[in-house]
Amino acid sequence: MSTPPDRTERLRERLQAELSPTVLEITDDSHLHAGHAGAASGGSHYSVKIVSELFQGRTLVMRHRLVYDAVHEMINKAEIHALAITAVAPSEQS
């Protein structure tokens, strides 16, 4: 089961608007969760790699909170069921 492209694009737009990332990679992992309860409800599974200056000097929990805050509406509407986050400050890139 793949997700509608517009859902992925809305996710991208929300993250770009809120976090101004220098790198943003979004992978739709929904097909890996076919038959999963979250997939049955229509929610999608995503992996996100995001590099943002806003993460500088913040803990991992704070970084994840910023990401979740940016997409909370999509989560509340069950458009996103699961979100695997890699959140990095530009100075931490290798």
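Key figures for this structure:
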| read-out | value |
| --- | --- |
| Whole-Hz couplings from phi, Karplus 6.51/-1.76/1.60, listed for region 80-89; x for Gly and Pro | 10, 9, 9, 9, 8, 10, 10, 10, 10, 7 |
| Ile80 long-range amide H proximity, modeled H, under 5 Å | Ser44, Ile75 |
| Vicinal HN-Hα couplings computed from phi for region 10-16 (Karplus, 6.51 cos²θ - 1.76 cosθ + 1.60; Hz; Gly/Pro x) | 5, 4, 4, 4, 5, 5, 5 |
| Amide H contacts of Asp29 (H built 1.01 Å from N, under 5 Å, at least 5 apart or other chain) | His45, Tyr46, Ser47 |
| Integer Hz, Karplus 6.51/-1.76/1.60 couplings in order for region 17-28, x for Gly and Pro | 5, 8, 10, 6, x, 8, 9, 9, 10, 10, 10, 8 |
| Virtual spin-label span in nm between Ser91 and His64, 7 Å along Cα→Cβ | 2.3 nm |
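Values quoted throughout were computed directly from the atomic coordinates according to the rules given, and no laboratory measurement underlies them. All values derive from a computational prediction rather than experimental measurement. All Cβ positions, glycine included, derive from the backbone under ideal geometry; neighbour counts span all protein chains shown.
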